[in-house]
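> First the structure, which I've put down as structure tokens, then a few questions once you've had a look.
Bear in mind that the values in this text are calculations on the coordinates, not laboratory data. It should be emphasised that the depicted structure is a prediction, and the values quoted were computed from it without experimental measurement. Neighbour counts are summed over all protein chains in view; Cβ atoms, including those assigned to glycine, are modelled from backbone coordinates with ideal geometry.
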Amino acid sequence: MDADFWLTRWHRGETGWHLEEVNRHLSTFWPPLAVPAGTQVLVPLCGKTIDLLWLAGQGYRVLGVELSPLAVDAFFAHNGLTPTVTDDAGLRRHRVDELEILCGDVFALPPAQLAGVGAVYDRAALIALPPELRERYAAHLAALLPAGVPRLLITLEYDQALMAGPPFSVSSAEVQQLFGETHRITALGTFDALPESPGMRQRGLTELTERVYRLDPA
Ligand SMILES: C[S@@+](CC[C@H](N)C(=O)[O-])C[C@H]1O[C@@H](n2cnc3c(N)ncnc32)[C@H](O)[C@@H]1O
């Protein structure tokens with residue numbers, strides 16, 4: 001699952017994960033986190049999600065990170081926005097008011113880029129990565145983010161033997177293993193995601209569970 005895999009997906013328009021509406025778990029479960037307006041919220045592996053705009057609309061400073069220039073350009077074009085684009089240590093920074101997207105590899109982010117982040121929204125980022133990269137991703141963000149940053153995390157669980165990822169199945173045990181040392185993990189909800197995922201059914205799944213967690217400083 002290297003960069004080429006994702007760049008090709010965007011080039012071919014194979015972006016079945018993209019939602020045209022704000023993610024319902026974000027609008028339901030983010031407000032109770034009580035993250036103060038003005039906080040910088042990191043949205044790793046953001047694609048062209050409209051969730052970035054929802055967060056900006058709640059008064060947050062938003063920082064998306066996305067590998068694909070096509071995705072970043074599509075986000076701004078689709079939403080009728082014209083960003084200011086600057087080069088920032090090898091990454092392209094796109095900015096409109098308090099919403100920024102850094103275009104580049106999340107693993108290549110210099111430490112200073114995330115020093116001001118105060119909360120994280122992870123939907124289809126952790127689960128986009130294969131097991132060995134998930135560990136690296138969790139450790140990398142832990143090293144770059146200020147300590148004790150709260151996070152809303154949305155995962156999928158299914159029988160990995162029935163379908164190859166992405167998206168990958170990430171169990172509650174793995175969430176505990178990846179974040180349990182640094183965070184208090186609270187399961188907020190469990191949802192049957194199969195009815196709204198016909199593509200996954202076609203790929204062989206008979207069960208697909210979506211789980212939402214809040215991660216608070218330990
Ligand atoms: C499954 S999509 C999810 C997008 C978004 N979170 C959403 O909910 O629509 C995963 C995204 O991560 C991006 N991506 C994959 N590896 C990346 C990396 N190493 N650095 C930055 N972005 C990456 C892909 O290009 C893709 O847009």
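> Taking R0 as 22 Å, what's the FRET efficiency between ARG92 and ALA3 from their Cβ-Cβ distance, rounded to 0.05?
E(calc), rounded to 0.05, equals 0.90.
> Counting only C-alpha contacts under 8 Å and six or more residues apart, can you give the relative contact order of the range 73-167 as a whole percent?
For the range 73-167, the relative contact order is 24 percent.
> Considering the chain as a Gaussian network with a 10 Å cut-off on Cα pairs, which listed residue, GLY80, GLY64, GLY118, attains the greatest mean-square fluctuation?
Highest fluctuation of the listed residues: GLY80.
> How much length would be gained if the chain were fully extended between ASP192 and ALA218, taking 0.36 nm per residue of separation minus their Cα-Cα distance, in nm to one decimal?
Full extension from ASP192 to ALA218 adds 6.4 nm.
> Among 96-106, 168-178, what's the highest-first ranking by average C-beta atoms within 10 angstrom per residue?
Most protected by this proxy first, the peptides run 96-106, 168-178.
> Read phi for every residue in the range 133-144 and hand back ³J(HN,Hα) as whole Hz from Karplus 6.51 cos²θ - 1.76 cosθ + 1.60, θ = phi - 60°, with x for Gly and Pro.
Using θ = phi - 60°, the values come out as 6, 4, 5, 5, 4, 5, 5, 5, 5, 4, 6, 8 Hz.
> Shifting gears a bit: For the chain, give me the percentage of DSSP beta bridges that are antiparallel, rounded to the nearest 5 percent.
Antiparallel bridges make up about 60 percent of those DSSP assigns within the chain.
> For the chain, set up a GNM with springs between Cα atoms under 10 Å and report which of PRO150, PRO130, PRO44 has the largest fluctuation.
PRO130
> Taking 0.36 nm per intervening residue step and subtracting the Cα-Cα distance, what contour gain separates LEU53 from ARG184 on full extension?
Once the chain is fully extended between LEU53 and ARG184, it gains 44.4 nm.
> Here is a further query. Can you tell me which of 132-138, 47-53 comes out highest on packing, and rank the rest after it, using the mean Cβ neighbours within 10 Å?
In decreasing order of mean packing, 132-138, 47-53 become 47-53, 132-138.
> Which of the peptides 156-164, 6-14 is most tightly packed, and how do the rest follow, going by the mean number of other Cβ atoms within 10 Å of each residue?
Top of the packing list down: 156-164, 6-14.
> Return the FRET efficiency for the residue pair GLN177, LEU33: r is the Cβ-Cβ distance, R0 is 30 Å, and the value is rounded to the nearest 0.05.
0.85
> Once you've got the GNM for the chain with C-alpha springs shorter than 10 Å, pick whichever of LEU19, LEU70, LEU114 has the biggest mean-square fluctuation.
Taking springs between Cα atoms under 10 Å, the residue moving most is LEU19.
> With each label point set 7 Å from Cα along the Cα-Cβ vector, what nm distance links ARG203 and LEU162?
In this crude label model, ARG203 to LEU162 measures out at 1.3 nm.
> Calculate the spin-label point distance for ASN79 paired with GLU14, positioning each point 7 Å from the Cα along the beta-carbon direction, and give it in nanometres.
About 2.7 nm, to one decimal.
> I've got another one for you. Using only DSSP helix segments of four residues or longer, with each worth -39500 (n - 2.57), what per-residue ellipticity at 222 nm results for the chain after dividing by its residue count and rounding to 500?
Only helices count here, giving -7500 deg cm²/dmol.
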